[in-house]
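If you scroll down you'll find the structure; I have some questions about it.
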Amino acid sequence: MSATGQILNLLISTASHIFILLLWMRYLLQLVQADFYNPVSQGVVRFTDPVLKPLRSAMPKSRFHDWSALLVILLLQLLTTTLLALVTVGATLPPLGLLFTTIFDLLFMVTDFFFWLIIVSVVLSWISPGHSPVTGLIQQLAEPVLAPFRRLLPSMGGMDLSPILAFLAIQVIQILLRAAAGSLHGMF
């Protein structure tokens, strides 16, 4: 691939990834019923509202799910996958291949998001055990992933080993996603 193609690939991937992560955060904030008065939550809402607001009137309403965010995430990832295929190989993927690639990319992205979210949560619990807007929001987002593992482990006297089990589970899921994507990739 030429230098121009590599630069285009980098720019498209980075811009898309950042915006999709913000949309995932918007979806997850509503899913976990996070504090929307948190300054970070308000920033995410302000940044994503121009894209989501027009769709919200047409999409079904739900207390826990922001369907407009999920639709934009899917459409933006479809567009990104198509653009990257055009830049790298000069052609698009077959429609079914495009759909499966998009779904696997999004599933991998959300597992990666939780992996890093838990790492940041653990580090912040050591460095800044006090309550800040960022720390509180990260804990609210990580709690649904960590809670099942906390229930599995016996009380360890203030030591929380649930992140270790969560990391293992996330990595197992990512290995399975890669294997499934690899087997489907051979079909297209």
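Just one of (1) surrounded by 13 or more Cβ atoms within 10 Å (Cβ to Cβ); (2) in a helix (DSSP H, G or I) trips up D35, so point out which.
(2)
With the structure loaded, tell me whether W24 is hydrophobic (A, V, I, L, M, F, W, C), within 13 Å of the chain's Cα centre (by Cα) and not assigned by TED's automatic domain parsing to the domain that holds L117 or whether it fails that test.
Details: hydrophobic (A, V, I, L, M, F, W, C): yes; within 13 Å of the chain's Cα centre (by Cα): yes; not assigned by TED's automatic domain parsing to the domain that holds L117: yes.
Spelling it out, W24 is indeed hydrophobic (A, V, I, L, M, F, W, C), within 13 Å of the chain's Cα centre (by Cα) and not assigned by TED's automatic domain parsing to the domain that holds L117.
Is it fair to say L70 is within 22 Å of I173 (Cα to Cα), surrounded by fewer than 18 Cβ atoms within 10 Å (Cβ to Cβ) and not assigned by TED's automatic domain parsing to the domain that holds L28?
When the stated conditions are applied, L70 does not pass them.
The values are calculated or read from the model by the stated rules, or taken from the named source; none is laboratory data. Keep in mind that what you see is a predicted model, and the values were worked out from it rather than measured. Don't worry about glycine lacking a Cβ; one is built from the backbone with ideal geometry, like all the others, and counts go over all protein chains shown.
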